[in-house]
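To start, the structure itself, in structure tokens.
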Amino acid sequence: MKNFKKFTFWILFLLSTCFVSCKPAAKPEAEPAVDARTPVTVATVSSEPLTEYIELNAVSAFLQKSYVKATANGYLQTVDAHLGKYVEKGSLLFQLKTKEAQSIGNSISVLDSSLKFSGMINIKANDHGYITQLNHQTGDYVQDGEQLAAISDMSSFVFLLNLPYELRPLLVNKKSVELILPDAEKLNGQIASYMPTVDSASQTQSIVIKVNPSHPIPENLIAKVRIIKTAKTKPISLPKAAVLSNETQDDFWVMKMIDSSTAVKVPIKKGIETADRVEVVTPPFSPNDKILISGNYGLPDTAKVKIVQ
């Protein structure tokens with residue numbers, strides 16, 4: 001009887017084990033769906049005025065320079081001049097002792113004190129401006145007519161613009177232009193004259209632009225001259241980031257939203273282009289059209305997108 005009970009126990013144990021092991025495995029939980037839409041930002045068209053400029057280089061220069069020269073043969077006794085010094089007309093720059101006075105010394109004064117002979121010659125500035133050349137120093141021997149210094153005439157300070165001749169019609173009826181210095185300072189320049197010659201190699205004509213700066217500007221400084229090429233009052237334009245192109249940049253398009261989640265490729269024809277905006281000549285867009293300005297690069301002709309703030 002005891003053996004029968006033990007046998008029955010093991011039979012029941014094996015049956016329960018088989019029942020548990022044969023129970024079907026639980027189904028895995030479904031993975032959440034992935035949103036395959038590309039996040040983008042959008043903008044609408046604008047009709048604000050646009051102006052297209054051409055930027056050319058202009059170099060500062062002094063058109064006139066006056067030269068200080070020795071008036072006799074002799075030795076420089078004093079030099080009151082240095083490079084960059086501003087001098088007024090009539091300022092004493094050099095004192096020259098003639099060669100004869102240097103040789104004779106004080107002999108004449110000893111013989112006759114009433115003569116008051118010194119042999120010193122004062123050489124003065126013949127114009128106002130900055131000393132841009134200094135050729136001699138104290139003690140140098142100079143000859144009659146030899147150049148001692150050069151003074152740049154401040155009233156002749158201009159910017160010289162080398163204008164390609166094919167762009168000359170853009171300036172024919174203009175009297176002023178805007179100049180931008182390397183430190184971002186802006187100056188209003190007046191067109192003074194056109195040089196009567198053209199460079200044979202570059203076919204550029206020099207234009208003289210006069211300025212009235214509030215502080216001295218050094219010579220040979222390069223400034224940017226902004227010339228208006230085209231101006232429109234109410235063009236349809238988009239941010240520059242909205243316009244895409246092919247590798248050769250002869251085919252342009254934008255991605256336009258046609259519903260809340262779909263963007264399509266729309267070919268366009270460009271017009272005026274500024275630093276941050278592009279005019280759209282065709283096709284006509286309405287103020288309600290939404291155009292992609294980010295996330296648009298590399299999208300197919302029709303793409304599922306998600307607009308984000």
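Points worth noting:
- Residue list for the range 152-173, restricted to those being out of contact with any strand residue (DSSP E or B) (no Cβ under 6 Å at 6 or more places or on another chain) and surrounded by 11 or more Cβ atoms within 10 Å (Cβ to Cβ): Ser155, Leu167, Arg168, Leu171
- Any hit, the range 217-232, residues being within 30 Å of Thr78 (Cβ to Cβ) and surrounded by fewer than 16 Cβ atoms within 10 Å (Cβ to Cβ): yes
- Selection status of Ala303, small (Gly, Ala, Ser), more than 24 Å from Arg37 (Cα to Cα) and surrounded by 11 or more Cβ atoms within 10 Å (Cβ to Cβ): no
- Pair list, Cβ under 6 Å, 6 or more apart: the range 182-204 residue surrounded by 11 or more Cβ atoms within 10 Å (Cβ to Cβ), other residue in a loop (DSSP other than H, G, I, E, B): Leu187/Val211; Gly189/Val211; Ile191/Lys175
- Members of the range 76-98 found to be surrounded by fewer than 18 Cβ atoms within 10 Å (Cβ to Cβ) and either of a type in the set (Val, Ile, Thr) or touching a residue at least 40 places away in the same chain (Cβ under 8 Å) (or both), listed by number: Gln77, Thr78, His82, Leu83, Gly84, Lys85, Tyr86, Glu88
- Positions within the range 233-281 being closer than 18 Å to Thr51 by Cα and exposed (fewer than 12 other Cβ atoms within 10 Å of the Cβ), in sequence order: Thr233, Lys234, Lys269, Ala275, Asp276
- Residue in the range 85-106 that is nearest to Lys65 (Cα to Cα), counting only those that are at pLDDT below 85 and assigned to a loop (DSSP other than H, G, I, E, B): Gly105
- Scanning the range 122-132 for residues that are surrounded by fewer than 17 Cβ atoms within 10 Å (Cβ to Cβ) and either at pLDDT 90 or above or more than 45 Å from the chain's Cα centre (by Cα) (or both) yields Asn122, Lys124.
- Qualifying residue in the range 224-236 (condition: modelled with pLDDT of 90 or more, outside any loop (DSSP other than H, G, I, E, B) and small (Gly, Ala, Ser)): no
- The set of residues in the range 133-168 being over 30 Å from Thr197 (Cβ atoms) and either in contact with a Gly (Cβ under 8 Å, 6 or more places away or on another chain) or β-branched (Val, Ile, Thr) (or both) consists of Thr138, Tyr141, Val142.
- Restricting the search to strands (runs of 3 or more DSSP E) fully inside the range 255-309 and requiring at least 3 residues that are touching a residue at least 60 places away in the same chain (Cβ under 8 Å) and over 33 Å from the mean Cα position of the chain (by Cα) gives 302-307.
The values are calculated or read from the model by the stated rules, or taken from the named source; none is laboratory data. Computed from a prediction, not measured in an experiment: that's the story for all the values here. Note: ideal-geometry Cβ built from the backbone for every residue, glycine included; neighbour counts use all protein chains shown.
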